[in-house]
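The values are calculated or read from the model by the stated rules, or taken from the named source; none is laboratory data. Predicted model only: the values in this text are computed from it and were never measured. Glycine gets a Cβ as well: all are built from the backbone with ideal geometry, and neighbour counts include every protein chain shown.
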Amino acid sequence: MLYDNLTVNEKGHLTISGIDATELAAEFGTPLYVMDEDVLRANCRTYVKAMYEFFGSESAPLYASKALSFKGIYPIVESEGMCIDVVSPGEIYTALAADFPAEKMFFHGSNKTDEDIKYGVLSGIGYFVVDNHNELEVLDRMAAELGVKQKVLLRLTVGLDPHTLEAINTGRVDSQFGVPIDTGQADDFVKAALACENISVEGFHSHVGSQIFESDSFNRQAEILIEYAARMKEETGLELKVLNIGGGLGVRYTDRDPFLDIPGRIAEIAEHLKGACDKYDVDMPVVFMEPGRSIVANAGVTLYTTGGTKEVKGYRNYVTIDGGMTDNPRFALYKAEYTVLNASRMNKSADYECTVAGRCCESGDRIAENVMIAKPERGDIIAVLTTGAYNYSMASNYNRIPRPAMVMISKGQARTVVKRESFEDLIKNEL
Ligand SMILES: *Cc1c(COP(=O)(O)O)cnc(C)c1O
């Protein structure tokens, strides 16, 4: 199977970390997000250990909250030694509500409003990752009003095109994120930031994209940023203390996706960074990375109950589920691929080709097309793997469907970490 924590028990049911998936569905209802805490913690440790080893003891991974943000995740990533990246006051609020220290937060966002900026400064955010001139001006003014000297990283675009989906490709010159080096605009941005009295420029940030397997864009990014830092040091005297090289390492959604050796990749990036530091005579900075997907994706499985099959003669077979684009919009957004299993019939051969369709009145509401599973009967439990990232965090109430519950499992025990939404929740803000 795709992952080690999945097995099949004597009843022919899928087990996740030793727990029968059909029993989880019976106890907690479906759709159900299941997160394996042990896998999640192991993913955190892989990054923490490798970054410590290859970048030194001050470096650390920041967990990119946007992949999966809810109160219960923050104590876990904190206890594993990670900082976090946040992209909105809502994520800051959630992390603060879980007692995550504000000084370990990095505040992203390409259009922070005045209120967002004020909220961030007042919360005591460790670093603002400043995206553009507009934000710089407002931040400098607000920091002055609030009597704070705010640490920042400046977000730069390095002009690289990693081979990934259009919607999650952020490193190119033509991007709404950051300020490009290639056009010369980054130079003005850096100089303007250095002239701000209430801002302390600690270094640079860049993020090339997401679900990336090839190493070339990370290696090149490291070299471009160090070369740029050397030039800025010469022109402005800026010492690069911190370099945040973003997230984006790919995960396996299907067995056609490659297996990515994370420590190996970090070692390779470190080698390129050190090489560039030697070449351009720059001191090795403290390095941060921002993994989101590769921390949570493979820890998550979503369980659905099927309403049965529908065979459209001469076309295709549909398997309907009691969730869909409302709990997982990634197929609708990017035609993302998933591995689907019939958790109730794991000992039957997976010989039924089908398209898994959700319950919304929307023909794009699908989870996967043309996948092979054991032919289900109404009531079987369907498992979709690798749903820990960008599922709950992108969920909606379209068609007035309440968001699912989430359970965290560890060592044979399951606990609810997010309650299922009720119909009352759906109308609670409506007057
Ligand atoms: C989305 C994003 C990340 C996380 O990307 P993953 O592919 O989930 O690792 C990190 N940093 C920034 C700035 C992002 O926009």
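Here's the yes/no breakdown for (1) of a type in the set (Phe, Trp, Tyr); (2) under 29 Å from Leu2 (Cβ atoms); (3) under 26 Å from the mean Cα position of the chain (by Cα):
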{"residue": "Leu243", "(1), (2), (3)": "no, no, yes"}
{"residue": "Gly248", "(1), (2), (3)": "no, yes, yes"}
{"residue": "Ile266", "(1), (2), (3)": "no, yes, yes"}
{"residue": "Gly292", "(1), (2), (3)": "no, yes, yes"}
{"residue": "Val296", "(1), (2), (3)": "no, yes, yes"}
{"residue": "Lys313", "(1), (2), (3)": "no, no, no"}
{"residue": "Val319", "(1), (2), (3)": "no, yes, no"}
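What pairs can you find where one residue is in region 299-310 and on the phi < 0 side of the Ramachandran plot, the other is acidic (Asp, Glu), and their Cβ atoms are less than 6 Å apart, with a gap of 6+ or different chains?
Taking only residues 6 or more apart or on different chains, the pairs are Ala299/Asp36; Tyr304/Asp322; Thr305/Asp322; Thr306/Asp380.
Return the total of residues in region 357-410 being under 25 Å from the mean Cα position of the chain (by Cα) and in a loop (DSSP other than H, G, I, E, B).
So the answer is 16.
Report yes if Pro329 is touching a helix residue (DSSP H, G or I) at 6+ places or on another chain (Cβ under 6 Å) and on the phi < 0 side of the Ramachandran plot, otherwise no. Talk me through it step by step, then tell me what you get.
Details: touching a helix residue (DSSP H, G or I) at 6+ places or on another chain (Cβ under 6 Å): yes; on the phi < 0 side of the Ramachandran plot: yes.
Criteria met by Pro329.
Which one is surrounded by the fewest Cβ atoms within 10 Å (Cβ to Cβ), of the residues in region 175-195 that are within 16 Å of the ligand (Cβ to nearest atom) and outside any loop (DSSP other than H, G, I, E, B)?
Step one: filter region 175-195 for residues within 16 Å of the ligand (Cβ to nearest atom), giving 175-180.
Next, from what is left, pick out any that are outside any loop (DSSP other than H, G, I, E, B): 179-180.
On the way: Val179: 21, Pro180: 17.
Going through the qualifying residues, I end up with Pro180.
Applying the selection to region 102-143, what residues are away from the ligand (no atom under 15 Å from the Cβ) and acidic (Asp, Glu)?
Glu103, Asp114, Glu115, Asp116, Glu137, Asp140 - these are the residues of region 102-143 that are away from the ligand (no atom under 15 Å from the Cβ) and acidic (Asp, Glu).
Here's a check for you: in region 277-294, which residue that is assigned to a strand (DSSP E or B) and crowded, with 24+ Cβ neighbours inside 10 Å is farthest from the ligand (Cβ to nearest atom)?
Our first condition is that a residue be assigned to a strand (DSSP E or B); within region 277-294, this holds for 286-289.
Still in the list and also crowded, with 24+ Cβ neighbours inside 10 Å: 288-289.
Values: Phe288: 10, Met289: 8 Å.
Looking at the filtered set, the residue picked out is Phe288.
Is it the case that some residue within region 341-354 is under 30 Å from Tyr47 (Cα atoms) and out of contact with any His (no Cβ under 9 Å at 6 or more places or on another chain)?
At the first step, the residues of region 341-354 found to be under 30 Å from Tyr47 (Cα atoms) are 341.
If we keep only those that are out of contact with any His (no Cβ under 9 Å at 6 or more places or on another chain) as well, we get 341.
Yes.
With the requirement that a residue be surrounded by fewer than 16 Cβ atoms within 10 Å (Cβ to Cβ) and either among the basic types (Lys, Arg) or within 19 Å of His207 (Cβ to Cβ) (or both), what does region 111-132 give you? Lay out the reasoning, then the answer.
Of the residues in region 111-132, the ones surrounded by fewer than 16 Cβ atoms within 10 Å (Cβ to Cβ) are 111, 113-115, 122, 124.
Asn111, the sole residue that qualifies.
Here's the yes/no breakdown for (1) free of Cβ contacts under 8 Å to residues at least 60 places away in the same chain; (2) more than 22 Å from Asn9 (Cβ to Cβ); (3) away from the ligand (no atom under 16 Å from the Cβ):
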{"position": "Thr320", "(1), (2), (3)": "yes, yes, yes"}
{"position": "Ser344", "(1), (2), (3)": "no, no, yes"}
{"position": "Ser349", "(1), (2), (3)": "yes, no, yes"}
{"position": "Val371", "(1), (2), (3)": "yes, yes, yes"}
{"position": "Asn399", "(1), (2), (3)": "no, yes, yes"}
{"position": "Pro404", "(1), (2), (3)": "no, yes, yes"}
{"position": "Lys411", "(1), (2), (3)": "no, no, yes"}
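Of the residues that make up region 327-340, is at least one at pLDDT 95 or above, over 28 Å from the mean Cα position of the chain (by Cα) and either of a type in the set (Phe, Trp, Tyr) or surrounded by 17 or more Cβ atoms within 10 Å (Cβ to Cβ) (or both)?
Checked region 327-340: no residue is at pLDDT 95 or above, over 28 Å from the mean Cα position of the chain (by Cα) and either of a type in the set (Phe, Trp, Tyr) or surrounded by 17 or more Cβ atoms within 10 Å (Cβ to Cβ) (or both).
Just checking, which of Ala332, Ala336, Ala297 is more than 28 Å from Leu153 (Cβ to Cβ) and within 16 Å of the ligand (Cβ to nearest atom)? Walk me through it before giving the result.
Values: Ala332 fails: within 16 Å of the ligand (Cβ to nearest atom); Ala297 fails: more than 28 Å from Leu153 (Cβ to Cβ).
Checking each option against the conditions leaves just Ala336.
Can you pull out every residue in region 196-221 that is farther than 19 Å from Val130 by Cα and within 16 Å of the ligand (Cβ to nearest atom)? Can you show your working first?
Of all residues in region 196-221, those farther than 19 Å from Val130 by Cα come to 210-220.
The answer is Ser210, Gln211, Ile212, Phe213, Glu214, Ser215, Ser217, Phe218.
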